[in-house]
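The values are calculated or read from the model by the stated rules, or taken from the named source; none is laboratory data. Fair warning: this is a prediction, and the values are worked out from it, not measured in the lab. Reconstructed Cβ throughout: ideal geometry from the backbone, glycine too, with neighbour counts over all protein chains shown. Remember, those area values only see protein heavy atoms, side chains included, never the ligands or the DNA or RNA. Shrake-Rupley method; radii C 1.70, N 1.55, O 1.52, S 1.80 Å.
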Amino acid sequence: MRRASTLASSVLSRTLATAHGGVGAGIGIGVATSIAVHHNQRLLQVALYGSSSSSGGSYTRWWSKSPARVLSLGVAGALISVAAAQEVHAKEPPPPELVPKDVVLYQYEACPFCNKVKAFLDYYDIPYKVVEVNPISKKEIKWSDYQKVPILMVDGEQLIDSSVIIDKLGGKIHSDKRADSKSDNDEEKKWRGWVDNHLVHILSPNIYRNTSEALESFDYITSNGNFSFTEKITVKYAGAAAMYFVSKKLKKKYNITDERAALYEAAETWVDGLNGRDFLGGSKPNLADLAVYGVLRPIRYLRSGKDMVEHTRIGDWYTRMENAVGESSRIKA
């Protein structure tokens, strides 16, 4: 315990010092806890919702020019099933001959980008195995040059970046089915871009807007992450304290005045985009629906997600998405 306390103190001071020097382009997109290892000294650099600035679909370094190796872990969120008595929109499993035979997802349990991929796999009822990546050593993905998550192995082929993964896998299972009009495809593409370039930037300031919510978020992380006992203590307390302050910088970076108001506005913007439809895709979800749902799923049952549903019109759509995505198609070990 003493070792953990000392490590946490060192971690917090160095994390805040680094953040003060410039929270780089790697902050603001996925739910993450960053742990840097340098010259055999473990230094926690917490950056929830931190990912590459050039891609909205993976967990990567917090500061792109840092010499340290940064590892990320997403906030876990509880997924609640909807009563069978409600209307259930059928899944869309592809023809058996188009279903990949061997699908393995390398992930952090509830990172938003991994959840985007899982929402796609679950909705299309594609069986997949999960490998939970150790956030300290990342030994499970040492074989890959990518060194980020999600990584999806599909019949021996490595697919990376959540949006690219979904595009490529969708192409494999729907090569002869995508008969949507150009306007429908343009709308879907626009909203998928909105998810990666706008919606995700709002989440971090919300889940860390005060100390209690920061601790709530890190409690989920440490409860579901692959940490040792000592690391769990360090991540939970030093990380929550650090991100409380870092979130204030994120507000400034993304010109957010009121984080809850920004979250509510984003939710209402999405509902307005539905224009009275059950889903953006009409009677069934499209890739934009799955992207929004996947990104929001990790926060849905945190305080910020509960507030969002209580104060906006997004709740009905989210419930329909829970019904449509249905049970996970994950293969239990």
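Has the range 246-253 got any residue that is over 19 Å from G193 (Cα atoms), open to solvent by 80 Å² or more (accessible area, probe 1.4 Å), assigned to a loop (DSSP other than H, G, I, E, B) and not aromatic (F, W, Y)? No; the residues of the range 246-253 include none that is over 19 Å from G193 (Cα atoms), open to solvent by 80 Å² or more (accessible area, probe 1.4 Å), assigned to a loop (DSSP other than H, G, I, E, B) and not aromatic (F, W, Y). Counting residues in the range 273-283 that are closer than 26 Å to G193 by Cα, part of a helix (DSSP H, G or I) and at pLDDT 90 or above gives one or more.
Of the residues making up the range 199-238, just one is acidic (D, E) and open to solvent by 60 Å² or more (accessible area, probe 1.4 Å), namely D219. What is the residue count in the range 286-312 for residues that are more than 28 Å from S212 (Cα to Cα) and open to solvent by 10 Å² or more (accessible area, probe 1.4 Å)? Here the count works out to 2.
Close contacts from the range 218-246, counting a first residue that is farther than 18 Å from V133 by Cα and a second that is assigned to a helix (DSSP H, G or I) and of a type in the set (F, W, Y), with Cβ to Cβ under 8 Å and a gap of 6+ residues or different chains, come to K236/F218; Y237/F218; G239/F218; A240/F218; M243/F218. Looking only at residues of the range 109-157 that are within 26 Å of S228 (Cα to Cα) and among the small types (G, A, S), we find that the one that is surrounded by the most Cβ atoms within 10 Å (Cβ to Cβ) is A110.
All conditions but one from (1) β-branched (V, I, T); (2) in contact with a Leu (Cβ under 7 Å, 6 or more places away or on another chain); (3) open to solvent by 40 Å² or more (accessible area, probe 1.4 Å) apply to I160; the one that does not is (2). Of note, Y264 satisfies the criterion of being open to solvent by 10 Å² or more (accessible area, probe 1.4 Å) and touching a His at 6+ places or on another chain (Cβ under 6 Å). The criterion of being more than 26 Å from A119 (Cα to Cα) and touching a strand residue (DSSP E or B) at 6+ places or on another chain (Cβ under 8 Å) holds for A242.
Taking the conditions (1) assigned to a loop (DSSP other than H, G, I, E, B); (2) touching a residue at least 60 places away in the same chain (Cβ under 8 Å); (3) closer than 23 Å to K190 by Cα in turn, Y301 satisfies each one other than (3). Looking only at residues in the range 170-195 that are surrounded by 12 or more Cβ atoms within 10 Å (Cβ to Cβ) and modelled with pLDDT under 95, the one that is nearest to E97 (Cα to Cα) is I173.
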